[in-house]
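Only one structure is covered here, and it is reproduced in the block below.
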Amino acid sequence: MKHALITIGCTREYIDPVRYISNESSGRQGIALIKSLLKFNYKVICLHGYLQTKQIVSKNVKFIFTPTADEMLREAKKYKSIDLGIFNAAVSDYKAKKYNKLKIKKKNGLSLKLTNNPDILRSMSFGKYKPKVTVGFAYETNDVFKNAKKKLLSKNCDYLVLNFPTAEDKIFNSKYNNGILIGRSGDFLNLGNVTKTIFANKIVKYISNRKN
Ligand code: CTP
């Protein structure tokens with residue numbers, strides 16, 4: 001049985017006990033990917049942030065809640081000899097420089113100092129933690145191909161799933177996704193504007209059938 005590591009959902013970075021910085025992501029695409037991985041006989045470790053969708057019960061999936069980028073990365077580094085790493089989580093790129101233990105009282109305007117979070121995909125895909133095959137995701141709104149190709153190389157991915165909104169659908173928390181799978185060797189697969197289940201099946205099938 002092959003081993004997959006997948007990150008899904010969105011992370012949160014709290015500013016004070018009630019407020020946080022986060023990203024859009026329901027986790028629906030991530031859960032669909034896990035179902036496909038199971039169909040293709042993978043044993044799955046899922047590191048997840050916040051989800052707006054139900055998890056799956058299976059003896060072949062282990063869900064681990066990693067609410068922040070730092071926790072997600074710390075947990076990811078525990079797994080070696082991973083065959084396939086899929087980095088689908090919407091990780092907050094920033095966190096508050098200083099967490100306020102007490103609720104910040106409302107005043108006239110507020111400036112926040114933010115610092116960068118680690119990039120989980122980048123940290124994992126260079127060096128000793130690299131899964132045999134790494135797949136990144138990129139949601140792009142402009143210069144979609146240019147940005148995606150840049151990300152594929154800068155994050156050392158074997159494949160990158162470019163997804164982008166259609167005129168009618170921003171994709172977030174939708175039943176549908178829309179995009180293209182781009183391979184490092186110049187190959188690509190048009191995934192189309194299809195349900196997240198079909199989208200996931202096309203990705204996992206294509207990657208599993210390739211000699212990597
Ligand atoms: N990613 C990650 N850790 C981060 C940011 C992103 O692991 N701190 C991963 C995502 O899971 C995804 C890929 O990197 O697989 C691209 O994420 P995206 O948010 O599009 O990339 P950014 O590097 O944040 O680029 P930008 O926001 O400038 O488009």
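The values are calculated or read from the model by the stated rules, or taken from the named source; none is laboratory data. Model, not experiment: these values are computed from the prediction. Positions of Cβ are backbone-derived with ideal geometry, glycine not excepted, and every protein chain shown enters the neighbour counts. Protein only, heavy atoms only, side chains kept; ligands, DNA and RNA dropped before computing areas. Shrake-Rupley method; radii C 1.70, N 1.55, O 1.52, S 1.80 Å.
Observations
- Projecting the Cα positions of Gly27, Asn60, Tyr14 onto the charge dipole of segment 7-90 (unit charges on Cβ atoms of Lys, Arg, Asp and Glu, taken about the Cα centre) puts Asn60 furthest along the positive direction.
- For segment 74-142: span of alpha carbons on each principal axis (Å, largest first): 51, 33, 16
- Inter-probe distance in nm under a simple model that places probes 7 Å from Cα toward Cβ, at Ile198 and Leu102: 5.6 nm
- For the chain, calculated [θ]222 nm from helices alone, where every DSSP H run of n ≥ 4 adds -39500 (n - 2.57): -7000 deg cm²/dmol
- Using every pair of separate Cα atoms, the Kirkwood estimate puts the hydrodynamic radius of the chain at 17.7 angstrom.
- Apportionment of accessible area to carbon and sulfur, the chain, percent (1.4 Å): 51 percent
- Nearest-0.05 FRET efficiency for Lys113 and Glu71, computed from C-beta distance (R0 30 Å): 0.90
- Peptide ranges 155-161, 121-127, 182-188, 83-89 listed from the most packed, as the mean C-beta count within 10 angstrom indicates: 83-89, 155-161, 121-127, 182-188
- Per residue, in Å², the accessible surface of the chain once ligands and nucleic acids are set aside, probe 1.4 Å: 55 Å²
- Our summary of shape: the Cα atoms of segment 1-122 have principal axis extents of 57, 27, 19 Å, ordered from largest down, in whole angstrom.
- The tail of the calculated P(r) for segment 54-177, taken as Cα-Cα distances beyond 25 Å, holds 40 percent of the pairs.
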